[in-house]
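A.B. asks: Sharing a structure below in structure tokens format, with a few things to ask.
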Amino acid sequence: MVNGEGRAFDGDLRTTLLDFLREHLDLTGTKKGCDQGQCGACTVLVNGTRINSCLSLAVMHVGDEVTTIEGIGTAADLHPLQQCFLEHDGFQCGYCTPGQICSALGALDELRRGVPSHVTAELETSVSPTPAEMRERMSGNICRCGAYSNIQDAITQFVG
Ligand code: FES
């Protein structure tokens, strides 16, 4: 399932989830940056958990619910977090933005579920994380333009 629609996969078994989304389904909102799991531009949600889609094969996700940026909001109906990014100029070139938004939503869900941080291995249980906590959780998402402070402001407003 991709963004609530059943999708068939009959391609090369070596096809990454990222390439399947972009090249087979034409869901180009998910970006390819490094293609090596280092930049976070390809972040999508799988059953609510954020992953780097460049590191995962499409065939591994039969039966999973994959959500891309196209499934989060549209130009006519922005997700509230996307609206916060707009209000705070949480981007410059915008290339990393879909991954940033998917990652932030996934990180907030991790906090809600009590999933420990990969960086500190400390169990954070707050559903209202501090900017520092979110910076740590978002550390896998690189912004080459360096719009980090605006991204942080957007997420802080969204978290409320
Ligand atoms: Fe997947 Fe960079 S393209 S982490």
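The values are calculated or read from the model by the stated rules, or taken from the named source; none is laboratory data. Remember, predicted model here, so these are calculated numbers, not experimental data. Virtual Cβ from ideal backbone geometry, glycine too; neighbours counted across all protein chains shown.
A.B. asks: Among the numbered conditions (1) without any contact (Cβ under 8 Å) to a residue 12 or more places away in the chain; (2) at negative phi; (3) assigned by TED's automatic domain parsing to the domain that holds Val115, tell me where Glu87 comes up short.
C.D. replies: All conditions pass for Glu87, except number (1).
A.B. asks: Here is a check on your reading of the model: is Asn3 under 18 Å from the mean Cα position of the chain (by Cα), exposed (fewer than 15 other Cβ atoms within 10 Å of the Cβ) and outside the structural domain of Gly99 (by TED's automatic domain parsing)?
C.D. replies: Spelling it out, it is not the case that Asn3 is under 18 Å from the mean Cα position of the chain (by Cα), exposed (fewer than 15 other Cβ atoms within 10 Å of the Cβ) and outside the structural domain of Gly99 (by TED's automatic domain parsing).
A.B. asks: Oh, and also: In the list Cys54, Cys84, Cys39, which residue meets the criterion of being part of a loop (DSSP other than H, G, I, E, B), crowded, with 18+ Cβ neighbours inside 10 Å and not aromatic (Phe, Trp, Tyr)? Steps first, please.
C.D. replies: Details: Cys54 fails: part of a loop (DSSP other than H, G, I, E, B); Cys84 fails: part of a loop (DSSP other than H, G, I, E, B).
It is Cys39.
A.B. asks: Please verify whether region 28-42 includes one or more residues that are of a type in the set (A, V, I, L, M) and within 18 Å of Glu5 (Cβ to Cβ). Steps first, answer last, please.
C.D. replies: Here is the first cut: in region 28-42, the residues of a type in the set (A, V, I, L, M) are 41.
When the remaining residues are screened for being within 18 Å of Glu5 (Cβ to Cβ), the result is none.
No: region 28-42 contains no residue that is of a type in the set (A, V, I, L, M) and within 18 Å of Glu5 (Cβ to Cβ).
A.B. asks: Right, here's the next one. Please work out which residue is nearest to Gly6 (Cα to Cα), limiting yourself to region 68-84 and to residues that are in contact (Cβ under 8 Å) with a residue 40 or more places away in the chain and more than 16 Å from the ligand (Cβ to nearest atom).
C.D. replies: Looking at the filtered set, the residue picked out is Gly71.
A.B. asks: Then there is this: Identify, from the list Thr30, Thr43, Thr97, Thr15, the residue that is more than 14 Å from Asn141 (Cα to Cα), modelled with pLDDT of 95 or more and within 16 Å of the ligand (Cβ to nearest atom). Before the answer, list the steps.
C.D. replies: Values: Thr30 fails: more than 14 Å from Asn141 (Cα to Cα); Thr43 fails: more than 14 Å from Asn141 (Cα to Cα); Thr97 fails: more than 14 Å from Asn141 (Cα to Cα).
Of the residues listed, the single one that is more than 14 Å from Asn141 (Cα to Cα), modelled with pLDDT of 95 or more and within 16 Å of the ligand (Cβ to nearest atom) is Thr15.
A.B. asks: Determine whether region 129-148 contains at least one residue that is part of a helix (DSSP H, G or I), at pLDDT 95 or above and surrounded by 13 or more Cβ atoms within 10 Å (Cβ to Cβ).
C.D. replies: Checked region 129-148: at least one residue is part of a helix (DSSP H, G or I), at pLDDT 95 or above and surrounded by 13 or more Cβ atoms within 10 Å (Cβ to Cβ).
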